[in-house]
Amino acid sequence: MPLDVDIQFEQGSFNALFGPSGAGKTSTLRMLSGLLSPDSGKITNHNEVWFDSEKSVNLSAGKRNIGYLFQDLALFPNMSIRQNLEYASGKNPNNALIAELLRLTELESLADQKPDVLSGGQAKRAALARALAQEPQLLLLDEPFTALDQKLRLEFQDHLLQLHSRFGFSVILVSHDLPEVCKLAAHVWVLDNGSITKSGAPTVVFGLDRSDKQVTVLAQVIAKTATGLMVSANGQQFEIKTDHTNDKYALGSWVPVGLPTDSAILLESKK
């Protein structure tokens, strides 16, 4: 599949690449990181050129100031959590930063343990801390919440937002989860079949809005009824009347639903 993308973002911003599986999201991250070379194009970071096909410039992955959190955490199993962070920090580890990362990710008591004793959520936080130990300007996150249950997913999101606020690095998050993107990202690019189809603030891109009388929330389709769809939002279920034969309303998909403001307040109280 050809990949043709043009993305620009400000330093310190939190951004997301949203789209279905196979749309080209991971390939885009791999090109930004230097793990995959584009056929043509240009990648710059501030005034530094990382890739330029016309000038035959292709900076190696190790020379790009990037942290990359894969779906496969790839923690070194023979090293403690602290040693994983020290290795990522370089020849002269920044011990003050490592200590702060362990504290912020709530891993201080496990710092001298090997990865095999960690829970799924702890391992995710350790991998995030290791990615940040190298003090990247840009953090690439390839569906980092995969395999976490809802409670751990929300906790990890909160840790990520706290770290982003504290250190001010730029983020590009790959996700196909609408609520996740809306919670975390200030800007989103919708990628489909290798091309950017929409971009902007999530509330604009996904048609979410709020007024004095109505608020639009994201609800997940859990069943189809004779007259519409049964959806769930923040733990509450309700039916909406619609043409349920439309293919875009697949089970498990997320749809924007307009609710009276008083109903929306009830939903929000469930958070």
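Okay, here's what the table says:
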read-out	value
Members of the range 38-51 found to be within 17 Å of Ser27 (Cα to Cα), free of Cβ contacts under 8 Å to residues at least 24 places away in the same chain and not hydroxyl-bearing (Ser, Thr, Tyr), listed by number	Asp39, Gly41, Lys42, Ile43, Trp50, Phe51
Qualifying residue in the range 25-37 (condition: under 27 Å from Leu128 (Cβ atoms), touching a Gly at 6+ places or on another chain (Cβ under 7 Å), in contact (Cβ under 8 Å) with a residue 40 or more places away in the chain and surrounded by 13 or more Cβ atoms within 10 Å (Cβ to Cβ))	yes
Positions within the range 169-192 being closer than 16 Å to Trp254 by Cα and charged (D, E, K, R), in sequence order	Asp177, Glu180, Lys183
Residue list for the range 40-92, filter: farther than 23 Å from Glu143 by Cα, among the charged types (D, E, K, R) and surrounded by 12 or more Cβ atoms within 10 Å (Cβ to Cβ)	Lys42, Glu48, Asp52, Arg82, Glu86
Residue list for the range 94-117, filter: over 20 Å from Glu155 (Cβ atoms), touching a residue at least 12 places away in the same chain (Cβ under 8 Å) and surrounded by 12 or more Cβ atoms within 10 Å (Cβ to Cβ)	Asn94, Leu97, Ile98, Lys114
Single residue of Leu97, Leu152, Leu101, Leu148 found to be part of a loop (DSSP other than H, G, I, E, B) and either of a type in the set (Val, Ile, Thr) or over 19 Å from Leu17 (Cα atoms) (or both)	Leu148
So Lys151, is it surrounded by fewer than 23 Cβ atoms within 10 Å (Cβ to Cβ), without any contact (Cβ under 8 Å) to a residue 24 or more places away in the chain and of a type outside the set (Ser, Thr, Tyr)	yes
Residue pairs meeting the criteria (Cβ under 9 Å; at least 6 apart or on separate chains; first closer than 17 Å to Leu140 by Cβ, in the range 166-182; second among the hydroxyl-bearing types (Ser, Thr, Tyr) and part of a helix (DSSP H, G or I))	Ile172/Thr28; Val174/Thr26; Val174/Thr28
Some residue of the range 20-33 being more than 15 Å from the chain's Cα centre (by Cα) and farther than 30 Å from Ala201 by Cβ	no
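Read-outs: derived from the displayed coordinates by stated rules, not from any lab. All figures in this text were calculated on a predicted structure; none of them were measured in a lab. Cβ: placed from backbone, ideal geometry, glycine included. Neighbour counts: every protein chain shown.
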